[in-house]
Amino acid sequence: MSTQLATPPSPTTESEIRRTKRAKRTPKGRQVEPKALDEIQALLGTRSRQRDLLIEHLHLIQDKYGHLSAAHLAALAQEMKLALTEVYEVATFYAHFDVVKEGEPPPPPITVRVCDSLSCAMKGADRLLAELPGKLGKNVRVVRAPCMGACDKAPVVAVGHLQSFGVDAAKVEAEVKKHAHPHAFNTPKDFDAYLKEGGYSLLKDCLSGKRTREELIGIVSDAGLRGLGGAGFPTGRKWALVNAEPAPRLMAVNGDEGEPGTFKDRYYLGLDPHRFIEGMLIGAWVVDAKEVYFYLRDEYPEIRLLLEQEIARAEKAGLTKHTKVIMRRGAGAYICGEESAMIESIEGKRGLPRHRPPYVAQVGLFGRPTLEHNVETLYWIRDIVEKGPQWFTDQGRRDRKGFRSFSVSGRVKEPGVKMAPAGISIQELIDEYCGGMLPGHTFKGYLPGGASGGILPASMNDIPLDFGTLEQYGCFIGSHAVVILSDKDDMKAVALNLMKFFEDESCGQCTPCRAGTEKAVKLMATGPWDEALLNELSSAMRDASICGLGQAAPNPLLCVLKYFREDLTKPMGTW
């Protein structure tokens, strides 16, 4: 008996006919152009394609071609075996990447960035932004930019990637014509000069066993050394906490000082880079970190080139056998100064702050326990250990211990980095370290801790400046970024400038910060300030934002409402 297979009925309806059609063989999504792939492969060469190098590879493309084209991004995604959405979400997050959509023209060959953060705004940044487009022509793009870390030399403009200080429109025009590129400068203390004064002797003692980890933890604890990037966490305690976590451990160094008014790390790295490098290598030894990731902001290209050069010299001398130093380049995101956002960026992702716990000391880089430090903290390690904790604690005024590096800008005769005793008052800082106020300016107020640290009036000029002394007034010292304001400055305009900065730099992850800063700018920029609404909005931002950016953003606004009520009745001023 034979069995006959049934023949399926032929499709009779239009929907059945559509369902039986064979799928197209062409792949879905953006197709990779062979030429673009060849260019990306040639650019990357033998470099690793590992996931955490995405931002580094985006920098290579941006540096080579001046922008990130759709074709190159698709080729990079294929080469790194990433989804195209992963590449796009990172490339569009950072301000220094110019993503060009398909069919759109690339940006002009030269970009001029004009810093419009507070210190530069006070010195005429708005006038530069208005004048430069007409003077520089269509082949130059002029854009506003946040703080570039040179507030003492305001106004600051970056032509391409090279900064110019104290500029006017004519000087910028001259810089555009020559369009020079950054290069490593000659530091006052290179490797040889540092060795001659006893440099790296302490590190060698650590590596040889003459010093113990417990000994160094005890010394920095007795000295009261704290994190000098803003949070002020005790250094010795941090070392002990990370050491208590299981190996392998890593170390991350935060060189992304983006707080408006802050430039001390840049100063110390250029002045004596090996004092910092030795401190970094000692920190890695203390917690037995096999890799150190140094994240430096992209606004400091000459410092990056200098450090690459000097770290290579230390490596050649055999001083880094216990760890590997890996430089990572930021891409224009203030939020990456927050430690967990910086770690996300080092991993090649968007700089979104993590929820805590767990803390980075427990689960940090690549899921490993991580020692995170600010540049200046590491800079002082050698001096404190060699000279003893009393050398450090003997400094200070008003029962405060140690010294602090104040980045001072604004209406003073002699701005700059001032190493002064902890607990010094703002009046003493102005008179003893800054040569007094500028001629024709009367002291009116000051930012004690950068954009997020609030604003205090000149009448409160005797408060000790240090960790824990300003919180009762709605302020904090943070990274010791001091901006001096005078009777020429409208405090409403100051607070609005700072809130615009936070609006631009919000990572967008949480609604209270993302929507709150935008709403605050609109309320502050138009008409009389609605105090009840601004206070309500500030409370929501402070209580519900994920990280310190949104929590601290209302501080300047609230300080103006509290301490500068006479300015509330006046029209909004300009510089």
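Any residue at all in the stretch 503-524 that is assigned to a helix (DSSP H, G or I) and touching a residue at least 60 places away in the same chain (Cβ under 8 Å)? Yes, some residue in the stretch 503-524 is assigned to a helix (DSSP H, G or I) and touching a residue at least 60 places away in the same chain (Cβ under 8 Å). For residue 174, are the conditions met, namely being assigned to a helix (DSSP H, G or I) and among the aliphatic types (A, V, I, L, M)? The answer is yes for residue 174.
Of all the listed residues (321, 349), the sole one being more than 25 Å from residue 186 (Cβ to Cβ), of a type in the set (D, E, K, R) and surrounded by fewer than 18 Cβ atoms within 10 Å (Cβ to Cβ) is 321.
Considering (1) over 29 Å from the mean Cα position of the chain (by Cα); (2) open to solvent by 40 Å² or more (accessible area, probe 1.4 Å), the lone condition that residue 202 does not fulfil carries the number (2).
Taking the conditions (1) under 28 Å from residue 212 (Cβ atoms); (2) among the hydrophobic types (A, V, I, L, M, F, W, C); (3) assigned to a loop (DSSP other than H, G, I, E, B); (4) within 19 Å of the chain's Cα centre (by Cα) in turn, residue 361 satisfies each one other than (4). Between 364, 402, 410, 416, which is out of contact with any Pro (no Cβ under 6 Å at 6 or more places or on another chain), of a type outside the set (A, V, I, L, M) and under 30 Å from residue 348 (Cβ atoms)? The match here is 364. Only residues that are part of a loop (DSSP other than H, G, I, E, B) and β-branched (Val, Ile, Thr) were counted across the stretch 426-467, and they come to 3.
Rundown of residues vs (1) touching a Pro at 6+ places or on another chain (Cβ under 7 Å); (2) surrounded by 14 or more Cβ atoms within 10 Å (Cβ to Cβ), yes/no style:
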residue	(1), (2)
127	no, yes
130	no, no
149	no, yes
157	no, yes
169	no, yes
173	no, yes
182	yes, yes
193	no, no
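Scanning the stretch 471-491 for any residue that is part of a helix (DSSP H, G or I), buried (at least 16 other Cβ atoms within 10 Å of the Cβ) and not hydroxyl-bearing (Ser, Thr, Tyr) turns up at least one such residue.
Restricting the stretch 238-287 to residues that are open to solvent by 10 Å² or more (accessible area, probe 1.4 Å) and assigned to a strand (DSSP E or B), the residue that is nearest to residue 191 (Cα to Cα) is 254. In the set 513, 507, only one residue is of a type outside the set (A, V, I, L, M), within 22 Å of residue 339 (Cβ to Cβ) and surrounded by fewer than 24 Cβ atoms within 10 Å (Cβ to Cβ); that residue is 507. Within the stretch 75-121, the set of residues being of a type in the set (Lys, Arg), under 27 Å from residue 179 (Cβ atoms) and over 26 Å from the mean Cα position of the chain (by Cα) comprises just one member, 101. Looking at 90, 100, 114 in this structure, which one is closer than 15 Å to residue 168 by Cβ and of a type in the set (Val, Ile, Thr)? Answer to the check: 114. Right, residue 346: farther than 30 Å from residue 51 by Cα and at pLDDT 95 or above or not? No; evaluated as a whole, the condition is false for this residue.
Among all positions in the stretch 429-438, there is no residue which is under 29 Å from the mean Cα position of the chain (by Cα) and touching a residue at least 60 places away in the same chain (Cβ under 8 Å).
Only residues that are open to solvent by 10 Å² or more (accessible area, probe 1.4 Å) and of a type outside the set (Lys, Arg) were counted in the stretch 294-310, giving 5. Selection of first residues in the stretch 75-98 that are part of a loop (DSSP other than H, G, I, E, B) and of second residues that are open to solvent by less than 20 Å² (accessible area, probe 1.4 Å) and acidic (Asp, Glu), restricted to Cβ pairs under 6 Å at least 6 apart or on distinct chains, gives the following pairs, ordered by first then second residue: 96/298.
Every residue, every condition in (1) among the acidic types (Asp, Glu); (2) touching a helix residue (DSSP H, G or I) at 6+ places or on another chain (Cβ under 9 Å), yes or no:
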{"site": "83", "(1), (2)": "no, yes"}
{"site": "86", "(1), (2)": "yes, yes"}
{"site": "91", "(1), (2)": "no, yes"}
{"site": "95", "(1), (2)": "no, yes"}
{"site": "98", "(1), (2)": "yes, yes"}
{"site": "111", "(1), (2)": "no, no"}
{"site": "118", "(1), (2)": "no, yes"}
{"site": "121", "(1), (2)": "no, yes"}
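The values are calculated or read from the model by the stated rules, or taken from the named source; none is laboratory data. This one's a predicted model, so the numbers in the text were calculated from it and none came from an experiment. FYI the Cβ positions are ideal-geometry reconstructions off the backbone, even for glycines, and counts take in every protein chain you see. The area values use the complete protein model at the heavy-atom level, side chains included, leaving out ligands, DNA and RNA. Shrake-Rupley method; radii C 1.70, N 1.55, O 1.52, S 1.80 Å.
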